[in-house]
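Participant: Once you've had a glance at the structure underneath, I'll fire off some questions.
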Amino acid sequence: MTESPTPEFMYIASSPIRRPVETVLHETFGFSSLRPGQERAIQAVLSGENVLAVMPTGAGKSLCFQLPALVLGGLTVVVSPLVALMRNQVDALKLNGVAADTINSDRPRHENVEVWRAVQRGDVRLLYMSPERLMTDRMLAALDRLPISLFAIDEAHCISQWGPAFRPEYDMLCDLKQRFSGVPVVALTATADPSTSQDICEKLFAGDVTQVMTGFDRPNLSMAVTPKAAWKKQVLDFIDARRGQTGIVYCLSRRKTEEVAAFLREEGHPALAFHAGMEASEKAALQNRFMTEDGVVMAATVAFGMGIDKPDIRYVLHTDLPASFEAYYQEIGRAGRDGEPAEALMLYGLEDIRLRRTFIEQEDCAPERKRREHKRMDSLLAFCEAPECRRRVLLRYFGEDSEPCGNCDLCRNPVETRDGSREAGLVTEAVRATGNRFGAAHIIGILRGQENDKIAQFGHNTLPCFGQGADHSAKAWQSLIRQMVAFHILEIDVAGYGGLRIAQPESGGPAELTEFRYRPDSLPTATRPSKQSRKAGAETLAGILDEDGRELLARLKRLRLEIAQERKAPAYVVFSDKSLIDMAHSRPQSLAEFSRVFGVGKAKLDEFGETFLEEIRRPA
């Protein structure tokens, strides 16, 4: 905010007396206990320590600063990268009776001024801002006059220049500790590999920080990767086998989300499209449908998912290669938050690799950052082409180790690698002989001895390697070349026209190709639901609710949607699905019983208790 504070609105309210953590936890948030990682982080913050909390998506990171903010009193300033995320968290806090607000560019100036005046009066406990809004001379000078108790930095990986989502504006936050030397800072992220975490600790805290890391493993998630063939059929086969389950289909472009959603609707699935180009009201309506209705398939860009707390998402399907390992981990983390089995399937191909490499090269950043981003992509490609347990590869990237999980496609259907030294030698010979500038289709045509105009035009039908690979199909060669690119034996010339070239030793390529092992593609293995997933799809609610309970749950979801629409807020900020399931299961008959429902604090008890009790008591 650019407005300077005026004397008549100086902060005059005193901070409230600290209340016990357990009291705030139950009365405000309706929870009976903290998770281990939350407890460690909250205790450290309340002790005045700086904290870096690295927790998986869905682990409850927000509570690590929201609860201390209420216990400490004074003002907590929360830095968040997205206006939509700020708005959703503020809406949820207000419904819990918490004095929270946001100053952001989406609001009219007069509304921002009113919020600032409330902050100066001491009427706001948590103030959400973007780093650009916070780190201005006027705002910092204004905050100097207020009793700041805590700074919370959400999505803290944006601080690190080695992180996959570095934002220069976040870099300015490193000045906070020096300017507000006595105020603790808590930084939170779900996606930080060891080098990113170390960079955050050094830049933001100068090493003076308590790290709380709860591990990256999500054992209920079954991961699978399969090469793209006829991608629409692959998507349909996967979703047909999971008809009636809620899922997200991530697509690279806005156009593709519309295409996928329309295609699935034609096949009888309740599919929606979501992307950043939509109006805010349209996006809110789509989110509400997704949160309220069962079995909805959301075809979306990565604009969808941040802040979505729907516990029974049974699968996440990527139709294209994600931007990074961190992005992949965050996106699949939206499935199975209820702890029940869930699935993640990724489709990818050679064109995906070319596009992602191109995006990295087109980024306006220093050469060293581009080099790091290419290395991150190398790690993701190694995951895609792994011959061993995928969970082990993923956890190893984040600095952890594990035994084979028994729950990924490679554990369920082990693959044997083959010696492809001869074939790889033919590919590199053809690539080198044609000048390191032709694409995979042309190279495959040479190896298979195809007589076409382009091959004849360049005289490539006279090369010694011409026709030497006729014993393999085009698909087999495509698979082998894709794996050679993934293992950095070949590179895609993203600065040129997407041709293949031999990877140079200085860029990580082999000095000499001596041995190459590859795994033949096996397309059908990832389409069938795992045994655990079939059980989850059939029994997640059935094991808790009887037929009457499921009917009551549907009515409670409709009531929640009506309330959310009246308040112009996402449905999940009224009550989470977990809260509604608890209501339908326990069927409270009094306010005292309703207060024991998961996620029901004092404010929601007062505001919604009688309304939901009336629906619960109503005969079916």
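Participant: Tell me, what is the FRET efficiency for residue 379 and residue 412 to the nearest 0.05, using R0 = 35 angstrom and their Cβ-Cβ distance as r?
Facilitator: Approximately 0.90, to the nearest 0.05.
Participant: Here's a follow-up. What does the extension gain come out to for residue 231 and residue 258, with contour length at 0.36 nm per residue minus their alpha carbon separation?
Facilitator: Gain on stretching residue 231 to residue 258: 8.2 nm.
Participant: Still on this structure: Where in the stretch 390-444 are there trypsin sites (Lys or Arg not before Pro) that are in a DSSP coil and have at most 14 other Cβ atoms within 10 angstrom of their Cβ?
Facilitator: Working: sites: 390, 391, 392, 396, 412, 418, 422, 432, 437; in loops: 437.
Counting only loop positions with at most 14 other Cβ atoms within 10 Å, the trypsin sites (Lys or Arg not before Pro) in the stretch 390-444 are 437.
Participant: Mind checking the angle between helix 36-46 and the chain's longest principal axis? C-alpha axes, 0 to 90 degrees, to the nearest 10.
Facilitator: Roughly 50 degrees between the two axes.
Participant: Of all DSSP beta bridges in the chain, what percent run antiparallel (nearest 5)?
Facilitator: Given both bridge residues lie in the chain, the antiparallel proportion sits at roughly 10 percent.
Participant: Quick one: which of 275-285, 256-266 comes out on top by average Cβ neighbours within 10 Å, and what's the full order, highest first? Provide the component values of the computation, followed by the final result.
Facilitator: On the way: 275-285: 13.8, 256-266: 18.1.
The most tightly packed comes first, giving 256-266, 275-285.
Participant: In what sequence, highest mean first, do 402-409, 586-593 appear when ranked by Cβ atoms within 10 angstrom?
Facilitator: Top to bottom by mean Cβ count within 10 Å: 402-409, 586-593.
Participant: Oh, and also: Rounded to a whole number, what is D in µm²/s for the stretch 84-153 from Stokes-Einstein with the Kirkwood radius over alpha-carbon pairs (20 °C, 1.002 mPa s)?
Facilitator: Answer, rounded: 170 µm²/s.
Participant: Further question: Let me see the pair-distance distribution of the chain: every alpha carbon pair, 20 Å bin width, integer percents in order.
Facilitator: Spelled out bin by bin, the chain gives 18, 48, 27, 7, 0 percent.
Participant: Something else now. Can you give the local net charge around residue 226? Use residues other than it whose beta-carbon is closer than 10 angstrom to its beta-carbon, Lys and Arg +1, Asp and Glu -1. Kindly include the intermediate steps, with their values, before the conclusion.
Facilitator: Numbers: positive: 228; negative: 409, 521.
Cβ neighbours under 10 Å give a net charge of -1.
Participant: Let me ask you something else. Normalised by the number of residues in the stretch 290-436, what is the relative contact order in percent for Cα pairs under 8 Å and 6+ residues apart? Intermediate results must be reported in sequence, preceding the final value.
Facilitator: On the way: 125 pairs, mean separation 22.7, N = 147.
Reported relative contact order: 15 percent.
Participant: For the stretch 418-521, what size does the Cα cloud have along each of its three principal axes, sorted from largest down, in whole Å?
Facilitator: 35, 31, 22
Participant: How many nm is it between the label spots at residue 138 and residue 302, if each spot is 7 Å from the Cα in line with the beta carbon?
Facilitator: Those two pseudo-labels are separated by 3.3 nm.
Participant: Which whole-number percent gives the relative contact order of the stretch 284-339, counting Cα pairs below 8 Å spaced six or more residues apart?
Facilitator: Relative contact order here is 37 percent.
Participant: In nanometres, what is the gap between the two model label sites at residue 473 and residue 361, each 7 Å from Cα along Cα-to-Cβ?
Facilitator: 3.2 nm
Participant: Now for a separate question. Taking the simple approach of a point 7 Å from Cα along Cα-to-Cβ for both residue 402 and residue 282, what is their distance in nm?
Facilitator: With each label placed 7 Å out from Cα toward Cβ, I get 3.9 nm.
Participant: Now for a separate question. Once you keep just the Cα pairs under 8 angstrom separated by 6 or more residues, what percentage relative contact order results for the chain?
Facilitator: Details: 1067 pairs, mean separation 90.7, N = 620.
It comes to 15 percent, rounded to a whole number.
Where a number appears in this text, it was derived from the coordinates with a stated rule and is not lab data. Please read all numbers here as calculations on a predicted model, not as lab measurements. Here the Cβ is made from the backbone with ideal geometry for all residues, glycine too, and neighbour counts use every protein chain on show.
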